[in-house]
Amino acid sequence: MRFAVLGSGQVGRSLGAGLVRHGHDVVMGSRDPGSEQVRAWVAGSGDRAAAATYADAAQQGEVAVLATAWSGTESALMLAGAENLAGKIIIDVTNPLGFGPDGPHLVIGHTDSAGEQVQRWLRHSRVVKTWNTVNHAHMIDPKIPGGPGTMFYCGNDADAKTFVADLLDQCGWPSLDAGGIDGARLLEPLTILWVRYAMAHGTSDHAFKLLRP
Ligand SMILES: NC(=O)c1ccc[n+]([C@@H]2O[C@H](COP(=O)([O-])OP(=O)(O)OC[C@H]3O[C@@H](n4cnc5c(N)ncnc54)[C@H](OP(=O)(O)O)[C@@H]3O)[C@@H](O)[C@H]2O)c1
């Protein structure tokens, strides 16, 4: 499968490298695909890795992973072009975070979510929210003490969710369907709980787990 990973931050680089390790082709979309950081990522990730503008990456990817800072997400999607993503599965990893003196907080919540906003921006794509509740280092092949945890996902398209559940399984994550894309109203606040634990205990190696009968 050829993935477009939109955004070259920590998440884009970790997920991109992990997907390549699992045998996928990855084209990383960036405002500056020639930057030193992006070139280093391509050079260190093997023959299946490449970089391009957001628009070219979106066009080339069969599936896209949205790994942008929330504040830049609308702009990144405008650069990518909704027409280049139409009909495709979009794996939305974003969290709608603002940063204040008390740490990160949600800038959307309760009655809306980033996942729903992304689905509105990409009306003809099939958005599935996942991977937003763990640190980037554990998104693929997690090495969490006491793990594996549970990776929640949600979206409106059943086939897209089946694809994502299979991908999560391939990447070492037991997963759980959290319903339609409005489930992002539940998954995104989990990030704040994750951050509080991280700040209190000085760790990034934790994740949520649903215990079931
Ligand atoms: N860090 C984590 O462990 C983690 C875990 C779970 C979820 N998340 C979520 O995943 C997303 C990515 O996280 P991150 O830590 O990788 O974020 P980041 O480093 O802050 O930003 C990721 C990328 O977003 C792109 N971007 C930023 N502003 C933009 C703009 N105005 N227009 C277009 N693109 C812009 C940039 O890519 P280019 O410079 O290549 O264009 C940037 O490298 C965030 O929404 C975050 O909340 C992060």
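The values are calculated or read from the model by the stated rules, or taken from the named source; none is laboratory data. As the structure is a computational prediction, the values presented were derived from the model and not from experiment. As a convention, Cβ positions derive from the backbone with ideal geometry for all residues, glycine included, and neighbour counts pool all protein chains shown. Surface accessibility is based on the protein's heavy atoms, side chains included, excluding ligands, DNA and RNA. Shrake-Rupley method; radii C 1.70, N 1.55, O 1.52, S 1.80 Å.
Before moving on, here are some points about what is shown:
- When residues of region 24-42 are limited to those that are open to solvent by 70 Å² or more (accessible area, probe 1.4 Å) and either in contact with a Pro (Cβ under 6 Å, 6 or more places away or on another chain) or in a loop (DSSP other than H, G, I, E, B) (or both), the one nearest to the ligand (Cβ to nearest atom): R31
- Neighbours by Cβ (under 7 Å, 6+ apart or cross-chain): first from region 23-46, closer than 16 Å to V65 by Cβ; second open to solvent by 50 Å² or more (accessible area, probe 1.4 Å) and acidic (D, E): V38/D32
- Checklist (1) among the small types (G, A, S); (2) surrounded by fewer than 19 Cβ atoms within 10 Å (Cβ to Cβ); (3) over 18 Å from the mean Cα position of the chain (by Cα) applied to S45, failing item: (2)
- Members of region 132-150 that are open to solvent by less than 30 Å² (accessible area, probe 1.4 Å) and closer than 18 Å to G72 by Cβ: N132
- Some residue of region 8-23 being surrounded by fewer than 17 Cβ atoms within 10 Å (Cβ to Cβ), in a helix (DSSP H, G or I) and among the aliphatic types (A, V, I, L, M): no
- Residue that is surrounded by the fewest Cβ atoms within 10 Å (Cβ to Cβ), among those in region 85-113 that are farther than 24 Å from D56 by Cα, at pLDDT 95 or above and near the ligand (Cβ under 10 Å from one of its atoms): L97
- Of all residue pairs spaced 6 or more apart or on separate chains, those with beta-carbon atoms under 6 Å, a first member in region 76-93 that is within 12 Å of D157 (Cα to Cα) and a second member that is open to solvent by 10 Å² or more (accessible area, probe 1.4 Å) and in a strand (DSSP E or B) are I89/R126.
- Qualifying residue in region 56-76 (condition: out of contact with any Phe, Trp or Tyr (no Cβ under 7 Å at 6 or more places or on another chain), open to solvent by 40 Å² or more (accessible area, probe 1.4 Å) and among the acidic types (D, E)): yes
- Count - residues of region 1-23 that are more than 8 Å from the ligand (Cβ to nearest atom) and β-branched (V, I, T): 2
- Residue identified as among the aliphatic types (A, V, I, L, M) and over 24 Å from R13 (Cβ atoms) among I144, I108, I140: I108
- Residue pairs meeting the criteria (Cβ under 7 Å; at least 6 apart or on separate chains; first acidic (D, E), in region 99-124; second at pLDDT 95 or above): E116/I181; E116/D182; E116/A184
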